[in-house]
Amino acid sequence: MAKLLHNRPVSDAQRANNCARHSPRVVAAVLAMLVLYAYLFTQAAAFWGLPAPEEVARQIGWTPAGVFDDDHHVDSEIRIYRGTQEIGHDDQRLILFGVIAAAFLFAYFLPLRHKQTALVICFLTAGLVLYGGTAMAGLLAAHLAIYLLFHAPPQRQGWLIGAAAGMLGYLAFAGNAKISTVQALLWGVASMALFRDGLPYLERHPRIQALVRVVAIQSALLVVLIGALAEGLSHHSWKLPLGVLLFFWQWERLMMYHIDYDNGQVPKHLPLTGYLPVFLTPAVLPNWHWGVTIGQGYHYLANNFLAEDKNRLAMEGVKIWAIALFYLVFGEWIRLTLVDAATGLGLDVHRASTARLVCAFVETHQAGTASVLATTLLDQVRWFMLWAAALHFKTGLWRVFGYRMDPYFDRPWLATNLAAFWTRFTFHYREFLVRAFFYPVFFRFFREHTRWRIFVATMAAACFGNLFWGHLPEEMFYQGMRFENIWGVLQTWPYFVLLGLGISFTELYLLQKRSTRAPWTLDRRIPLDVLAVYLTLQFYSLIHIFARPCTNGTLADYARLFLIGLGIPL
């Protein structure tokens, strides 16, 4: 299970001690790993005059399928989300690795008080190149507005931040249109006046202030719902500026920041240089839209920044990058090998795609239990490989930058029950659901009935929160703010109900379980651990039938296919 690190506050003196010693060996290890990544996943080999990775593999007799792309280097899932089209994917990755190297050196060698600020500067520099000025303007404007709503900088500084937010907001919405200096200044003056007069008013009316903060934090959900309803009425779809979209992708972490603030875990007079490193760091650049909750809120990052020796953290990051490298290079080859093995046994696994399985069943109403089980399980293997590669890389990034970051993805195939699996598979997202939904329900309802408290709170998190806050906005970001997309998400409700029920019943069983034996103890019961792992993974894979609806498919079709997977053909 992902180990919960001791989340105690760390003093500046402890941090200073943890970053006092420099190690050339550690610096060389980090930079060498980045050079290896550049060689494998970019066009750097040609620039350096080295043989391409595919040529090296061929020379040693390894000719796998699905590993190398048309440019003869390793096909990578490390991507820049919606990066500028003026720069190719390979060059984007090369820029990313270069920025990571520079950010690491700054975070490693600069004095403690400048480390996090340097990370923000590196992020903004990379963002200008990879996303463009208008995108960075929108992202920064949104965060400046959030900062002013929650914190109280000195008056003149607050006015300047308000003016900057307005001018940056104008640049974001102007897009590629001709920029008017006069209009930008007017936006800045209007924004400054709004914050100058509005913030004191909110301070005098705490209830209104709390409501405005909630609306700001929940703006992603509100915008996608209003946009989808507007599209349904007018048949005109809203298109968000890229900077605003990047900001909305961080909304789950913004919710955790809000929770920290309400719990008194964020200083009211936090300087802007303390707020921005929470959200704007090079660690969020790769696969921006994957594992968006990693890092959680302010409290988690503040307690884990340089909480251990920086050399130890950096070397742990290098080791995690090595694990990510394994998944990036061998993941697709392993998956295709398993698919070929299943096909060789005579199983139709629909190219290891649950979506294809569902559509084939909707069309033919024919499927076998073995085919359903194998297809759904292999589909999850594919996702495990992708998820593990990207999230290990991101976790390693946080580590080399000096953060004692818990793993997001931690060997879920060792989980012997669904509750443990959910923690291992998506630790930081689980923490978001627990803090935003489980705890508020658990501490408010059914205080006299422990089992009901656990059941209702778990369903609130794993079912309700997971559906409406975890997946509904994301689908709008991916597919566009159209009314039909809301229905597309809502019709997957059985998946969330079954997941919530599975975790709830697991927790209730563990509550009354008397055995003290730890999973994977080397004794005569270890075959039961293996069986429990398979049943856990297979159940989680099988319920994805309801998460992959097909055109013209009905709930009855999905239910029949699910029952076939359970060996109950109807």
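Mind listing whichever residues of region 481-516 are of a type in the set (Gly, Ala, Ser) and in contact with a helix residue (DSSP H, G or I) (Cβ under 8 Å, 6 or more places away or on another chain)?
Gly488, Gly500, Gly502, Ser504
Please count how many residues of region 500-521 are touching a Leu at 6+ places or on another chain (Cβ under 8 Å) and assigned to a helix (DSSP H, G or I).
3
Report yes if Gly88 is surrounded by fewer than 16 Cβ atoms within 10 Å (Cβ to Cβ), over 26 Å from Leu301 (Cβ atoms) and within 29 Å of the chain's Cα centre (by Cα), otherwise no.
Against the criterion (surrounded by fewer than 16 Cβ atoms within 10 Å (Cβ to Cβ), over 26 Å from Leu301 (Cβ atoms) and within 29 Å of the chain's Cα centre (by Cα)), Gly88 qualifies.
Right, Gly243: assigned to a helix (DSSP H, G or I) and in contact with an Asp or Glu (Cβ under 9 Å, 6 or more places away or on another chain) or not?
no
For (1) assigned to a helix (DSSP H, G or I); (2) out of contact with any helix residue (DSSP H, G or I) (no Cβ under 8 Å at 6 or more places or on another chain); (3) more than 30 Å from Leu40 (Cα to Cα), each residue gets a yes or a no:
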residue	(1), (2), (3)
Ala322	yes, no, no
Phe326	yes, yes, no
Phe330	yes, yes, no
Trp333	yes, yes, no
Arg351	yes, no, no
Val358	yes, no, yes
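Within region 467-501, work out how many residues are aromatic (Phe, Trp, Tyr) and modelled with pLDDT under 90.
Of the residues in that region, 4 qualify.
From the list Ala389, Ala419, Ala370, Ala436, exactly one residue is among the aliphatic types (A, V, I, L, M), within 14 Å of Thr536 (Cα to Cα) and out of contact with any strand residue (DSSP E or B) (no Cβ under 7 Å at 6 or more places or on another chain). Which is it?
Answer to the check: Ala419.
Taking only pairs six or more apart or across chains, which ones have beta-carbon atoms under 9 Å, a first residue in region 483-510 that is over 15 Å from Leu472 (Cβ atoms), and a second residue that is assigned to a loop (DSSP other than H, G, I, E, B) and among the basic types (Lys, Arg)?
Between residues of region 483-510 that are over 15 Å from Leu472 (Cβ atoms) and residues that are assigned to a loop (DSSP other than H, G, I, E, B) and among the basic types (Lys, Arg), there is no close pair.
When you check Leu140 against the structure, is it part of a helix (DSSP H, G or I), surrounded by fewer than 20 Cβ atoms within 10 Å (Cβ to Cβ) and not hydroxyl-bearing (Ser, Thr, Tyr), yes or no?
No; evaluated as a whole, the condition is false for this residue.
Tell me which residues, restricted to region 264-307, are within 24 Å of Pro153 (Cα to Cα), outside any helix (DSSP H, G or I) and small (Gly, Ala, Ser).
Of everything in region 264-307, those that are within 24 Å of Pro153 (Cα to Cα), outside any helix (DSSP H, G or I) and small (Gly, Ala, Ser) turn out to be Gly264, Gly297.
In the list Phe47, Phe41, which residue meets the criterion of being in contact with a strand residue (DSSP E or B) (Cβ under 7 Å, 6 or more places away or on another chain) and not β-branched (Val, Ile, Thr)?
So the residue among Phe47, Phe41 that is in contact with a strand residue (DSSP E or B) (Cβ under 7 Å, 6 or more places away or on another chain) and not β-branched (Val, Ile, Thr) is Phe41.
Report those helices (runs of 4 or more DSSP H) wholly inside region 378-467 carrying at least 3 residues which are within 13 Å of the chain's Cα centre (by Cα) and crowded, with 20+ Cβ neighbours inside 10 Å.
427-433
Just one of Ile121, Ile95, Ile78, Ile100 is within 25 Å of the chain's Cα centre (by Cα), surrounded by 15 or more Cβ atoms within 10 Å (Cβ to Cβ) and not in a helix (DSSP H, G or I); which is it?
Ile78
The values are calculated or read from the model by the stated rules, or taken from the named source; none is laboratory data. No experiment lies behind these values; they were computed from the predicted model shown. Using ideal geometry, Cβ is built from the backbone for each residue, glycine included, and neighbour counts are taken over all protein chains shown.
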